[in-house]
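The values are calculated or read from the model by the stated rules, or taken from the named source; none is laboratory data. Just so it is clear, the model here is predicted, and its values are computed rather than measured. Counting neighbours? That spans all protein chains shown, and the Cβs are built from the backbone with ideal geometry, glycine included. Side chains included, ligands, DNA and RNA excluded: accessible areas come from the protein's heavy atoms. Shrake-Rupley method; radii C 1.70, N 1.55, O 1.52, S 1.80 Å.
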Amino acid sequence: MTESVEAFAARARAWLAENMPRLDPAGPPVGARGDDAAWQRVRELQKRLYAGGFAGICFPHEYGGLGLDVAYQKAFDAETVGYEMPLILNVPTFTICCASLLDSGSEEQKRQHISAALRGEEVLVQLLSEPSGGSDLAGLVTRADRDGDHWVINGAKTWSTSAFAADYGLLLARTDPTVPKHDGLTMFLVPIDAPGVTLRRIRQVDGSTEFCEEFFDGVRLGDDAVVGEVNKGWEVASRLLYHERRAVGHGSEFASGRGQEASQTVLTDFFALAEAAGLAGDEATQDKVGRVLARRLVRDRLVDHVSRAMRDGSLPAAAGSIIRLFHSDVTFLEVDTAMDITGGSGVVDDDRDLFKVGQRYLSRQTVALGGGSNEMARNVIGERVLGFPREYAADRGVPFNQVRHNERARSD
């Protein structure tokens, strides 16, 4: 018989107390995505979870998981509060890449890579965005050309989260330029250390280096690297984007643990911030904090409702953009309110630990880009959830090699 949720939670509680390190508020662990030591640490923690039987709670048994309902994952997450957890593995390894392989990968790919990730042996990332592509993912120009028994990859990708720490990447490339842009794409599973791959880290304005750019120069892959079917990569990418939007909006059952990496800032943080800024007794500040807390509650209920509706089919998969968009809205409110409370101290005062507010503000806009921009999310909601007419696109139905691109436009 399946263990009850309550019994599972009790067993997890006892196991966590014996096996996982407790968080020290005075000395929090290194958790920055751009830190090599943090990635080594989370691999070790993931190995502990796997050995203890608490990794991949919602992943199927045959691929290394427990095959349990999301209620068990939520119960486990509640027990992890106060413990150090491998949170940076959630996105994109588990919630996006492994979830996408579960949908579209071959049996061999699922057994090899999902299991390895759950054991803490592999990190997977997305290799999608391109320097010239903007938000038009289907307009990518990275090529995969057939050469005998191999595919040869040439091109570039950018804004790949933590690719420097990864073992494999899901890469979308163009395999047939003679058909419309959505029809000639193929998804590949690429070893990051493959010959011909050059990876560089991108330093952002806040000093972080979690994002990378990659250059592919004659990278050779076999047919076993193809995820899904040749020239049907957009179907795989669509499922990947579905998982990404759910992950960014905190609606994925494949995320494990609870903490700041999941953007679930502790509710008392704003009270502590107001105290540090000397505004704890200010009624206007109290009103601003109240708005943030109320919006968080709405977000949490919305995530539960939309996630459940997508699982039972009462909402389409595209509804993941609803929670993705609302999460962006709430994060903007949080970041802006924090800056409003700290004022100038948020950019100059490190004595009262207020400088981190200004640092977070520098990366404010990233939440409006992950999983597609906010504008794209609104389009998806309008067209695929509400049924509004699609926007006009001049390249719809046109073979990709006949579409005008930037270089050609400039030469004319």
Worksheet item: Of the residues ALA78, ALA99, ALA71, which is open to solvent by less than 10 Å² (accessible area, probe 1.4 Å) and either of a type in the set (Phe, Trp, Tyr) or more than 19 Å from ILE153 (Cβ to Cβ) (or both)?
Response: ALA99
Item to complete: Could you tell me whether any residue of region 21-29 is surrounded by 13 or more Cβ atoms within 10 Å (Cβ to Cβ), under 22 Å from the mean Cα position of the chain (by Cα) and closer than 29 Å to VAL367 by Cβ?
Response: yes
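Does SER129 meet the test of being open to solvent by less than 30 Å² (accessible area, probe 1.4 Å) and either within 16 Å of the chain's Cα centre (by Cα) or of a type in the set (D, E, K, R) (or both)?
Numbers: open to solvent by less than 30 Å² (accessible area, probe 1.4 Å): no; either within 16 Å of the chain's Cα centre (by Cα) or of a type in the set (D, E, K, R) (or both): yes.
No, not satisfied.
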Worksheet item: Take the residues of region 284-308 that are open to solvent by 30 Å² or more (accessible area, probe 1.4 Å) and touching a Ser or Thr at 6+ places or on another chain (Cβ under 8 Å): which is nearest to ASP329 (Cα to Cα)?
Response: ARG291
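Can you name every residue in region 210-226 that is part of a loop (DSSP other than H, G, I, E, B) and either surrounded by 13 or more Cβ atoms within 10 Å (Cβ to Cβ) or at pLDDT below 95 (or both)? Walk me through it before giving the result.
The first filter runs over region 210-226 and keeps only residues part of a loop (DSSP other than H, G, I, E, B), leaving 210, 222.
Passing the criteria: only GLU210.
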Fill in: Criterion (touching a residue at least 40 places away in the same chain (Cβ under 8 Å), in a helix (DSSP H, G or I), of a type in the set (S, T, N, Q) and within 18 Å of ALA276 (Cβ to Cβ)) met by exactly one of THR337, THR331
THR337
Practice prompt. Specify which of the listed residues (GLU122, GLU107) is modelled with pLDDT of 95 or more, more than 30 Å from ARG11 (Cβ to Cβ) and open to solvent by 10 Å² or more (accessible area, probe 1.4 Å).
Written response: GLU107
Worksheet item: Would you say ALA394 is open to solvent by 50 Å² or more (accessible area, probe 1.4 Å) and not charged (D, E, K, R)?
Response: yes
Worksheet entry | Residue under evaluation GLY134, criteria (1) among the small types (Gly, Ala, Ser); (2) in the same structural domain as ARG33 (by the TED database); (3) surrounded by fewer than 24 Cβ atoms within 10 Å (Cβ to Cβ), criterion not met | (2)
Practice prompt. Among the residues of region 378-400, write down those that are modelled with pLDDT of 90 or more and not charged (D, E, K, R).
Written response: ASN379, VAL380, ILE381, GLY382, VAL385, LEU386, GLY387, PHE388, PRO389, VAL398, PRO399, PHE400
Worksheet item: Restricting the search to region 239-260, which residues are within 30 Å of ASP176 (Cβ to Cβ) and open to solvent by 50 Å² or more (accessible area, probe 1.4 Å)?
Response: ARG239
Item to complete: Filter region 156-197 for residues that are open to solvent by 20 Å² or more (accessible area, probe 1.4 Å), assigned to a strand (DSSP E or B) and closer than 15 Å to ASP223 by Cα and give the result.
Response: PRO191
Fill in: Residue under evaluation GLY281, criteria (1) farther than 27 Å from GLY67 by Cβ; (2) surrounded by 21 or more Cβ atoms within 10 Å (Cβ to Cβ); (3) not assigned by the TED database to the domain that holds GLY155, criterion not met
(2)
Item to complete: Name the single residue, out of those in region 157-204 being hydroxyl-bearing (Ser, Thr, Tyr) and farther than 19 Å from PHE400 by Cα, that is farthest from the chain's Cα centre (by Cα).
Response: THR198
Discussion item. Return the residues of region 48-86 that are among the small types (Gly, Ala, Ser) and within 16 Å of ALA14 (Cα to Cα); say none if nothing qualifies.
Written reply: ALA51, GLY52, GLY53, ALA55, ALA75, ALA78, GLY82
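Working carefully through the options LEU49, LEU66, find the one that is aliphatic (A, V, I, L, M), without any contact (Cβ under 8 Å) to a residue 24 or more places away in the chain and within 26 Å of ASP103 (Cβ to Cβ). Steps first, please.
Values: LEU49 fails: without any contact (Cβ under 8 Å) to a residue 24 or more places away in the chain.
On inspection, the qualifying residue turns out to be LEU66.
With open to solvent by 20 Å² or more (accessible area, probe 1.4 Å) and closer than 23 Å to LEU293 by Cα as the only criterion, which of ARG384, ARG364 stands out? Outline the logic, then answer.
Details: ARG384 fails: closer than 23 Å to LEU293 by Cα.
Criteria check complete, one pass: ARG364.
Would you tally the residues in region 94-113 being touching a residue at least 40 places away in the same chain (Cβ under 8 Å) and either over 22 Å from TYR242 (Cβ atoms) or in contact with a strand residue (DSSP E or B) (Cβ under 9 Å, 6 or more places away or on another chain) (or both)? Step through it out loud before you land on a result.
Of region 94-113, the ones touching a residue at least 40 places away in the same chain (Cβ under 8 Å) are 94-106, 108-111, 113.
Now narrow it down to the ones that are either over 22 Å from TYR242 (Cβ atoms) or in contact with a strand residue (DSSP E or B) (Cβ under 9 Å, 6 or more places away or on another chain) (or both): 94, 96-98, 100-101, 104-106, 108-109, 111, 113.
Number of matching residues: 13.
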Discussion item. Among the residues in region 133-155, are any on the phi > 0 side of the Ramachandran plot, assigned to a strand (DSSP E or B) and touching a residue at least 60 places away in the same chain (Cβ under 8 Å)?
Written reply: yes
Fill in: Cβ pairs under 6 Å, 6+ apart, first in region 293-319 and part of a loop (DSSP other than H, G, I, E, B), second open to solvent by less than 40 Å² (accessible area, probe 1.4 Å)
LEU315/ALA309
